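Asker: Sharing a structure with you now.
The values are calculated or read from the model by the stated rules, or taken from the named source; none is laboratory data. These numbers were taken from a predicted model, which means no experiment stands behind them. All Cβ positions, glycine included, derive from the backbone under ideal geometry; neighbour counts span all protein chains shown. Areas reflect the complete protein model, heavy atoms only, side chains present, ligands, DNA and RNA absent. Shrake-Rupley method; radii C 1.70, N 1.55, O 1.52, S 1.80 Å.
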Amino acid sequence: MSLITDPVPVPDHSLRVRIPFVSTSFAQDLWYYALLWPVWWALGIDQLLLPFFVIYEMVRSLIRNNWLLRLNTTTKFASLLALWWVVPIIWADREFLDIFLKETSSIWSQALILILLLNEIRSRRDWWLVVGAISIMATYTAASSLIFAAGIWQGSFPSAVGVLLPSSLVENSAFFSSIAIRRFGSFVEVAGLFPFRLMGISWSFSALSMICLLLIPFTYWRFQFSRGYTRLHYLIVLVGLLVGLLFTESRFAYLGFLAGVALYCILRLGLLREPNLPLTIALILVGTGTALLFGYLALGPILETFRSTFIDLRPGSWFERLNIYVVTLQLLPKHFIAGWGVPVRIPGTSSVYSAGTHSSYLGMLFQHGVVGLLLYMGLWLSIWRAVFRGLRRHHANQYESLFWMAITFAFLAFNLREAADTWWWDLTILFVIWLQWGLVMTAPQALNPNKSHG
């Protein structure tokens, strides 16, 4: 099995010369784009190039499809969110206008790439090319984590963009410094679990934790059915992703991972299937009651463990986060319907710790109001609806069945983790999750093209 095709490759008998990004399909272009990610990263354009790529592919798709595109519930929610996103520009703080424009380009790219995935991923081969693109991202993420953790290379170098940017801009902006200086991790001054934290090819430690939560179950799914050297490859990638997750030192990511593992085991054992459902419910009720009783009897040690794990480990991080949430809730009523549009700097703190950050749900409510939050939740609910349909559907083989279990694991862990941080800033996360959403949306038509899916 290769990184780009499924266990039963579909041969391409075309003799035409296919030039990448010109005459190749959208799915093939996604694969090439992922393959070239280290180039974008070294140049410092990985956080800038993706919207241009998406616009280019959208123009190509419109021409090929005679300017006609179809939409589903997910793409409609994504499009409405993109339209609503620009409303606060009227009153958004001009100091953060660059942030507003970057996030706007990301959300519009989200809507466009979902539309592209829905319209262009039509065959089994296309679907597996998208799987291959995600596997490539998993490989790069794992490799960068292992390289730093093993001490092979723990330095840094200026990107091509970094050489051109003014030093004052790099020093005063967390974003520009991140694309100007390339590193896989950094040593920490404040004592924590580990002497260093990893960021891999992503923008930050937090971003890497989210990417690992998405990629670990996905890679495990591919590992289960691979053979020979390919199986060894996926095993190494899986180890690298676990190392990456561990050394992000993200406590909420650890909780999300454990919750995902628990749900995966429940699904794998078939405990939610119809014959076993009453027993499962009874076990959950008994387990919940036992946990509550244990919590009551051991409240003191539990609180002490919580304090030592979530507060004492990095007290500055905990109190900064608490301060962000308090100020966010205080400012929220002023623009409750459409939001502030951008984070709002809290006096005496870095722009990284602005109000409206460090939680996707609270951040969406703060930056884009109650309407934006409802659209965002609608987007996720449409994805989860497709996932639940996939779990219930009869599958021709175990490989496809376990895909839905792995994706359920990934999305649950991610949803729990995003409660503690926003994710639409880092295009590395966006690229991975967009592709996974695309697999979910297109699996019925691509893997079972002769069946009707309503």
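Asker: What's the ranking of 179-185, 164-170, 54-60 by average number of surrounding C-beta atoms within 10 Å, highest first?
Answerer: 179-185, 54-60, 164-170
Asker: Given labels modelled 7 Å from the Cα in the Cβ direction, how far is it in nm from Ser156 to Thr24?
Answerer: With each label placed 7 Å out from Cα toward Cβ, I get 3.3 nm.
Asker: Keeping the other protein chains in place, figure out the carbon and sulfur percent of the accessible area of segment 109-256, with a 1.4 Å probe.
Answerer: Ligands and nucleic acids excluded, carbon and sulfur reach 67 percent.
Asker: With Cβ to Cβ distances under 12 Å as the rule, what net charge do the other residues near Ile429 carry (K, R +1; D, E -1)?
Answerer: Net charge in that neighbourhood comes out at -3.
Asker: Find the centroid of the Cα atoms in segment 16-46 and in segment 219-262, then give the distance between the two in whole Å.
Answerer: Here the two parts' Cα centres lie 26 Å apart.
Asker: Then there's this: Quick check for you: with a 1.4 Å probe and neighbouring chains kept, what is the accessible area per residue of segment 356-454, in Å²?
Answerer: It amounts to 31 Å² per residue over segment 356-454.
Asker: If I model a spin label as a point 7 Å beyond the Cα along the Cα-Cβ vector, how far apart are those points for Tyr325 and Ile55 in nm?
Answerer: Roughly 3.9 nm, to one decimal.
Asker: Another one. Among 434-443, 200-209, what's the highest-first ranking by average C-beta atoms within 10 angstrom per residue?
Answerer: Going from most to least packed, we get 200-209, 434-443.
Asker: Next question, about the same structure. Order these peptides, 328-339, 103-114, by their mean beta-carbon neighbour count within 10 angstrom, highest first.
Answerer: Top of the packing list down: 103-114, 328-339.
Asker: Sort Asp29, Asp421, Asp98 from largest to smallest accessible area, using a 1.4 Å probe on the heavy atoms of the protein chains.
Answerer: Largest accessible area first, the residues go Asp98, Asp421, Asp29.
Asker: State the Cα centre-to-centre distance between segment 384-418 and segment 141-186 in whole Å.
Answerer: 35
Asker: Around Ala406, under 14 Å between beta carbons, what's the net of Lys plus Arg minus Asp minus Glu among the other residues?
Answerer: Once all neighbours under 14 Å are counted, the net charge is +1.
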